[in-house]
Amino acid sequence: MKKQKFPLYILFAIPLMLYSSTITQDSWEVFKHAGLAYGDDGAMQIFEDSKGNIWVGTGLGVNRLDPKNQALGFTRFVQFGQHPILASFEDSRGNFWFGTEGNGIVQYDVKQQRAIHIKRQAGQPDGLSDHTIRSLFEDAQGILWVGTETGGINKLDQQKRRFNHFKSHN
């Protein structure tokens with residue numbers, strides 16, 4: 001019977017290192033580690049994109065590791081700012097979305113290689129309803145749903161860059 005292999009990425013917080021390994025039914029092999037760039041001190045979000053890169057949202061921003069070039073370590077995306085990353089994912093178009101603590105959403109447009117910041121603006125009724133983003137989700141129709149800390153759930157119309165808000169009514 002052929003052994004199945006599964007890639008596994010484990011993040012250890014102290015000291016913060018990413019270990020990549022292949023698991024078989026009876027073995028564990030650690031073959032590489034790479035520290036996070038620029039002194040980032042804790043991982044809050046980890047996900048693997050469609051190209052196999054590992055994205056780590058930390059207390060100081062976003063880092064990416066290409067598992068094929070682990071010797072190079074992590075690449076830090078300074079254009080995202082230095083805000084804790086609480087949510088992250090890749091959408092169906094290949095763009096990356098990051099929810100921050102206190103600084104709204106950062107969308108990374110892969111084709112243009114630029115970060116687009118979406119922030120709460122007071123007095124804007126169809127804008128983002130909160131500064132802190134706890135979760136991000138894209139449904140089967142490609143609609144982005146945003147879970148906020150105190151502003152309920154937001155639904156983004158990406159064409160118009162407007163949000164609909166859903167809050168509880170106590």
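The values are calculated or read from the model by the stated rules, or taken from the named source; none is laboratory data. For clarity, every value in this text was computed on a predicted model and none was experimentally measured. All Cβ positions, glycine included, derive from the backbone under ideal geometry; neighbour counts span all protein chains shown. Calculation scope for accessible area: heavy atoms of the full protein, side chains included, ligands and nucleic acids excluded. Shrake-Rupley method; radii C 1.70, N 1.55, O 1.52, S 1.80 Å.
Summary table
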{"read-out": "Burial order of peptide ranges 135-148, 49-62, 100-113 (average beta-carbon count within 10 Å, highest first)", "value": "49-62, 100-113, 135-148"}
{"read-out": "When each of Lys111/Lys155; Lys51/Lys119; Lys51/Lys167; Lys51/Lys160; Lys119/Lys155 is checked by Cα-Cα distance, pairs over 26 Å", "value": "Lys51/Lys119; Lys51/Lys167; Lys51/Lys160"}
{"read-out": "Percent accessible area from carbon and sulfur atoms, the range 84-141, protein chains only, probe 1.4 Å", "value": "45 percent"}
{"read-out": "³J(HN,Hα) computed for each position of the range 159-167 - Karplus, 6.51 cos²θ - 1.76 cosθ + 1.60, integer Hz, glycine/proline x", "value": "5, 9, 6, 10, 10, 9, 10, 10, 10"}
{"read-out": "Per residue accessible area of the range 103-170, 1.4 Å probe, in Å²", "value": "63 Å²"}
{"read-out": "Taking all pairs of distinct alpha-carbon atoms in the range 129-170, Kirkwood radius in angstrom", "value": "10.6 Å"}
{"read-out": "Loop-located trypsin sites (Lys or Arg not before Pro) in the range 123-170 whose Cβ has at most 15 other Cβ within 10 Å (DSSP)", "value": "Lys160, Arg161, Lys167"}
{"read-out": "Extended-chain gain in nm, criterion 0.36 nm per residue less alpha-carbon gap, Asp66 and Arg93", "value": "7.7 nm"}
{"read-out": "Spin-label pair Arg161/Phe47, simplified geometry with 7 Å Cα→Cβ offset, distance in nm", "value": "2.2 nm"}
